[in-house]
Amino acid sequence: MGSRSSYKTGLWEIDWVAAGLLISMCLLLVGCSTWGLPDPENSVSDESIVLGIVQVEARGPFFRMHQTAAQVRFFDVRHTNTGKRSRVDMTGHAERFVTRLSPGHYELFRIQIGEGPFRSEAQVNLNFDVMAEKTNYLGVWRLQVDPPKTVRMLRWEVLAETPNLDPVKVLRDVLGDHPLEVSLPKPEFNQNRLFAVAPSQPRAKYFYRR
């Protein structure tokens, strides 16, 4: 009887420990969900709308089987004063991006191109300004992608508009009440080398970067 009683006592102790752990986890989750969240009103008032249009085209014949048209997956920018980095994702085959950034001077330093399962990145150096209380239009980015080869380049041209495109009409739904401010990234003509990144193939060190 003594052994059975001690066994039940051990089970009760385990149950209390488990209950204590469960309560602690719940309190931790509640704290994580509420602590340190930014004020939505401040985040909106301190940020400006930034938008642009991206056009990607191939510069030569592609010899991969099941080749998929190149598209921009994302690009990264850095606020030069604060050092804060932001990533702008582009889903599917979108040709337009709309995001919010704090006013200031920015450097666009990385862009990733997707071609089906293949990924390529280029380290770039373009600069632009985001003005407060304005809808900042970064122009039309016309990107030309080399076919897969040992040394592959990404050529970049920035235009205020193209002959067949009126940015005000295309972007009217996101302009809101703020006036449109054209802030083209500089330099307007640029080229950078593309490096394959995981999970792309091949893994030859010469043109594969982790």
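Points to keep in mind about this one:
- Evaluated at q = 0.15, 0.17, 0.28 Å⁻¹, the base-10 log of the normalised Debye intensity for the range 70-143, with identical point scatterers placed on the Cα atoms, takes the values -0.52, -0.67, -1.50.
- Going from the residue with the fewest nearby Cβ atoms within 10 Å to the one with the most, V54, V197 rank V197, V54.
- Residue-count net charge about R78 - beta-carbon cut-off 12 Å; Lys, Arg +1, Asp, Glu -1: +2
- A simple count of charges around Y106, restricted to other residues whose Cβ falls under 13 Å of its Cβ and scoring Lys, Arg +1 and Asp, Glu -1, yields +3.
- Summing +1 for each Lys or Arg and -1 for each Asp or Glu among the other residues whose beta-carbon sits under 10 angstrom from that of L154 gives +2.
- Long-range amide H partners of E161 with built H, under 5 Å: V140
- The distance separating the Cα centre of the range 85-128 from that of the range 132-157 comes to 9 Å.
- In order along the range 114-121, phi translates into HN-Hα couplings of x, 9, x, x, 8, 10, 9, 10 Hz, rounded to whole numbers, per the Karplus curve 6.51 cos²θ - 1.76 cosθ + 1.60 with θ = phi - 60° and x for Gly and Pro.
- Net length available on complete extension from N81 to A132 is 16.8 nm, with 0.36 nm assigned per residue and the Cα-Cα distance removed.
Coordinate-derived values only; no laboratory data. Just so it is clear, the model here is predicted, and its values are computed rather than measured. For neighbour counting, all protein chains shown are included, and Cβ atoms are generated from backbone atoms with ideal geometry for every residue, glycine included.
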